[in-house]
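Participant: Take a look at this one; I'll ask things after.
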Amino acid sequence: MLKTRVIPCLLLREWGIEKSIQFKDHVYVGSPINAARVFNAHHVDELILLDIQATGQGRGPIREIIAQIAEETCMPLTVGGGVRSCDEAWKLLQAGADRIAINTYGVERPEIFREGAERFGRQCMVASIDARRRADGQYEAFTHGGTRGTGRDPLDLALEFEELGAGEILLNSIDRDGTMSGYDIELIRRVADAVKIPLIALGGAGKVQHFAAAIHEGHAAAVAAGAFFLFYGRRRTVLITYPNDEALAGAIGSDLVRWKNIEAPTKE
């Protein structure tokens, strides 16, 4: 039986956290260090840290931030943003990351997944795919923080990255990002049913029932969210929190298992 992870995702802008709606209208939320401490106190399964400035500035995530979070917490960290080489990935792993998420450079040079899998093991390589539904109803993958269309179907990219060595897919819906209106179940199920590696659903969660839908209807192996863990109420008051096991298990079902191992499970 797969173990279901429920993962906060933080968008880093230098030493701060920001949250967006459909990759626009970014709002400052607070300190990533403080947020990580709160999540660690709640025994969170895992934490995703994505540096949203890194690609545009031609750099990787700020390693000092990753190192400080890793030093003060005990949860596995998936880190992404502007990673362009295995050497840079290695520096992040040395700083305390457990997995490396690659988005833009994975499209530009997909061989990085094979190189990373050979060097670190495929469980370290996460293929991050940002997808948007076009006017014709088809999905398209975007890079550079959702600003550049690739002309590629996210399903085709996921299959390619899996074959090259990615150990997990992080699939984010740009349309649902920050809306708290629920995941794009059609998108999630379409990709999850086609790949053999676990898929993390991201974009749209506003209540624990949305997690259940992504898992049971979308067939995701794990769920991630940002606004759900950072805001409270219609006015989106900042409140960094995490549901207790009873609330999660009540919505998701008996397949909720607290997962502490950094090695990703595989689908049968």
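Participant: From largest accessible area down, sort ASP87, ASP51, ASP25, ASP98; use a 1.4 Å probe on the protein chains. Display every interim value, and only then the final one.
Facilitator: Values: ASP87 90, ASP51 10, ASP25 115, ASP98 35 Å².
Of ASP87, ASP51, ASP25, ASP98, the descending order of accessible area is ASP25, ASP87, ASP98, ASP51.
Participant: Please give the FRET efficiency for ALA67 paired with ARG134, using the beta carbon to beta carbon distance and R0 = 35 Å, rounded to the nearest 0.05.
Facilitator: 0.30
Participant: Between ALA247, ALA212, ALA225, find the one with the highest GNM mean-square fluctuation for the chain; connect C-alpha pairs within less than 10 Å.
Facilitator: ALA247
Participant: Who wins for biggest fluctuation among THR237, THR150, THR104 in a Gaussian network model of the chain, springs between alpha carbons below 10 Å?
Facilitator: THR237
Participant: Compactness ratio of the stretch 148-190: Cα Rg over 2.2 N^0.38 Å, N = residue count? Please list the in-between numbers first.
Facilitator: Numbers: Rg = 11.8 Å, N = 43, 2.2 N^0.38 = 9.2 Å.
After normalising by residue count via 2.2 N^0.38 Å, the value is 1.28.
Participant: Hey, what number do you get for the chain at 222 nm if only DSSP H runs of n ≥ 4 count, each worth -39500 (n - 2.57), divided across all residues, to the nearest 500?
Facilitator: Values: 10 runs with 85 residues, N = 268.
Mean residue ellipticity, 222 nm, calculated: -8500 deg cm²/dmol.
Participant: Which of the chymotrypsin sites (Phe, Trp or Tyr not before Pro) across the stretch 1-101 are loop residues per DSSP, with 15 or fewer other Cβ within 10 Å?
Facilitator: On the way: sites: TRP15, PHE23, TYR28, PHE39, TRP90; in loops: TRP15, PHE23.
For chymotrypsin sites (Phe, Trp or Tyr not before Pro) across the stretch 1-101 that sit outside H, G, I, E and B with at most 15 neighbouring Cβ atoms in 10 Å, the list reads TRP15.
Participant: Right, another one. Nearest 20 debye, what's the magnitude of the dipole of the chain about its Cα centre given +1 on Lys and Arg Cβ and -1 on Asp and Glu Cβ? All intermediate terms of the calculation are to be shown ahead of the outcome.
Facilitator: Values: 31 positive and 36 negative charges, 123 e Å.
The dipole magnitude comes to about 600 debye.
Participant: Using Cα-Cα distances under 8 Å and only pairs 6 or more residues apart, what relative contact order does the stretch 117-268 have, in percent?
Facilitator: Details: 281 pairs, mean separation 28.2, N = 152.
Taking the mean separation of contacting Cα pairs over the length of the stretch 117-268, I get 19 percent.
Participant: Contour minus end-to-end for TRP90 and ARG109, with contour as 0.36 nm per residue of separation and end-to-end as the Cα-Cα distance?
Facilitator: On the way: separation 19, 0.36 × 19 = 6.84 nm, distance 1.75 nm.
My answer for the length gained is 5.1 nm.
Participant: When log10 I(q)/I(0) by the Debye sum over Cα atoms at q = 0.07, 0.14 Å⁻¹ is calculated directly from the model, which label among (i) -0.20, -0.90; (ii) -0.51, -1.17; (iii) -0.35, -1.08 fits?
Facilitator: (i)
Participant: Looking at the stretch 77-151, which trypsin sites (Lys or Arg not before Pro) are in a loop (DSSP not H, G, I, E or B) and have at most 14 other Cβ atoms within 10 Å?
Facilitator: Working: sites: ARG84, LYS91, ARG99, ARG114, ARG119, ARG122, ARG132, ARG133, ARG134, ARG148; in loops: ARG84, ARG134.
Qualifying residues, ordered by number: ARG134.
Participant: So what is the relative contact order of the chain, in percent, for Cα pairs below 8 Å that sit 6 or more residues apart?
Facilitator: Numbers: 606 pairs, mean separation 51.9, N = 268.
Over the chain, the number comes to 19 percent.
The values are calculated or read from the model by the stated rules, or taken from the named source; none is laboratory data. Not measured: the values here are computed from a predicted model. Methodologically, a virtual Cβ is constructed for each residue, glycine included, from the backbone with ideal geometry; neighbour enumeration extends over all protein chains shown. The protein model used for the area step is the full one, side chains on, heavy atoms only, and it has no ligands, DNA or RNA in it. Shrake-Rupley method; radii C 1.70, N 1.55, O 1.52, S 1.80 Å.
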